[in-house]
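**Student:** Please see the structure below; I have some questions.
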Amino acid sequence: MSKFITSSIGKKVVMSLSGLFLMTFLMVHLTVNCFLFAGAEAFNTAAHFMVTNPIIKVVEPILALGFVVHIAWSIWITIQNMMARPVRYNKTNQGKNSSFASRNMFVLGGLVLTFLALHIANFYVKIKFTHEIGAVSYAGVEMHDTYTLVTSLFTIWWYDVIYVIGAILLGYHLSHGFWSAFQTIGFSNQIWRKRLTVIGYIFALVIAGGFAIIPTYFYFVQ
Ligand code: HEM
């Protein structure tokens, strides 16, 4: 098993499976965030359900592990590729054979990670550690006022710009990562390669568009 994980195909499989797991998280996260459009009570109740649900409590450390594995393996693969190929290929006409995203996955991932560090400081740290969040009560159930925390951040224009850029970078990263992950785990033949490329672009567009619309909407409606 450990031989497989350290082999070059094994490393790609680990990257793909952790990537697919993180994509599932993104779909759930965006779905919960869409409750913001339904108002304070709907979003706070959804966020409260997520933090109190026992299944989510189990999934949270697995999610953190998913991020750590995905990042650590990407660094490992990139270093090994650089060591195997110390002289860089001639870059002329590279764009004809590969997409911008596929050639820049490591850089795009690094930029998404930078965004994520700021994002965790904005919300997660304030909710879980520094407790810079108010409380509300609906039908006798007290919970965090996550709605006010999120929507007040989005009144600051430069945060909105950062969140929109973060969403676009994430979209680029996913546009290649989606079909590449399926290809690595053996899901892709001539026909499915094309289909998965299109589904990947749609998936990337929905995720990037969804995460970008939220800060933009709250900047203009507040
Ligand atoms: C409109 C954009 C976004 C909003 C409004 C938003 C909102 C939030 C909130 C409120 C939390 C804290 C949840 C809690 O602990 O109660 C959170 C956590 C988190 N967000 Fe986001 N998020 C956005 C975009 C993103 C993006 C693009 C990513 C990934 C690249 C991401 C990844 C995470 C992670 C990993 C956590 C910590 C785990 C968790 O609490 O679920 N978020 N987000």
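**Student:** Enumerate the amide H contacts of ASP145 below 5 Å, restricted to partners 5 or more residues apart or on another chain; note that Pro and chain-start residues carry no placed amide H.
**Tutor:** GLY134, ALA135, VAL136
**Student:** Now for a different question. Among TRP179, GLY109, VAL161, whose Cα projects farthest towards the positive end of the dipole of the chain, with charges put on the beta-carbon of Lys, Arg (+1) and Asp, Glu (-1)?
**Tutor:** Of the listed residues, the answer is TRP179.
**Student:** While we're on this one: Can you list the DSSP H helices in the chain whose Cα atoms extend at least 24 Å along the helix axis and whose mean Kyte-Doolittle hydropathy is 0.0 or higher?
**Tutor:** 8-34, 54-84, 157-184, 190-221
**Student:** I want the local charge near VAL32. Using Cβ-Cβ distances under 15 Å, sum +1 for each Lys or Arg and -1 for each Asp or Glu among the other residues.
**Tutor:** -2
**Student:** At PHE100 and GLN80, where each label point lies 7 Å from the Cα along Cα→Cβ, what is the point-to-point distance in nanometres?
**Tutor:** Once both label points are built, they end up 3.0 nm from each other.
**Student:** Also, I was wondering about something else. Take LEU118 and LYS3, extend 7 Å from each Cα along the Cα→Cβ direction, and tell me the distance between the two endpoints in nm.
**Tutor:** About 4.7 nm, to one decimal.
**Student:** Local charge sum around GLY186 (other residues, Cβ-Cβ under 14 Å, Lys/Arg +1, Asp/Glu -1)?
**Tutor:** +2
**Student:** Moving on. Under the 0.36 nm per residue contour assumption, what length would be gained going from the current alpha-carbon distance of VAL58 and ILE185 to full extension?
**Tutor:** Full-extension gain reported as 43.1 nm.
**Student:** List the chymotrypsin sites (Phe, Trp or Tyr not before Pro) in the stretch 119-208 that DSSP assigns to loop (not H, G, I, E or B) and whose Cβ has at most 11 other Cβ atoms within 10 Å. Which are they?
**Tutor:** PHE129
**Student:** What is the distance in Å between the Cα centroid of the stretch 1-63 and that of the stretch 112-156?
**Tutor:** Taking the Cα centre of each part, the stretch 1-63 and the stretch 112-156 sit 18 Å apart.
**Student:** Let me ask something else about it. Compute the relative contact order of the chain as a whole-number percentage, counting only Cα pairs closer than 8 Å that sit 6 or more residues apart in sequence.
**Tutor:** Computed over the chain, the figure is 26 percent.
**Student:** Using a 10 Å cut-off around each Cβ, can you sort HIS144, HIS131 from fewest to most neighbouring Cβ atoms?
**Tutor:** Fewest to most other Cβ atoms nearby, the residues stand as HIS131, HIS144.
Here, each number is a calculation from the coordinates, and none is a lab measurement. In this text, all values refer to a predicted model and were calculated from it rather than measured experimentally. A quick note on method: Cβ atoms are made from the backbone with ideal geometry, for glycine too, and the neighbour counts reach across all protein chains shown.
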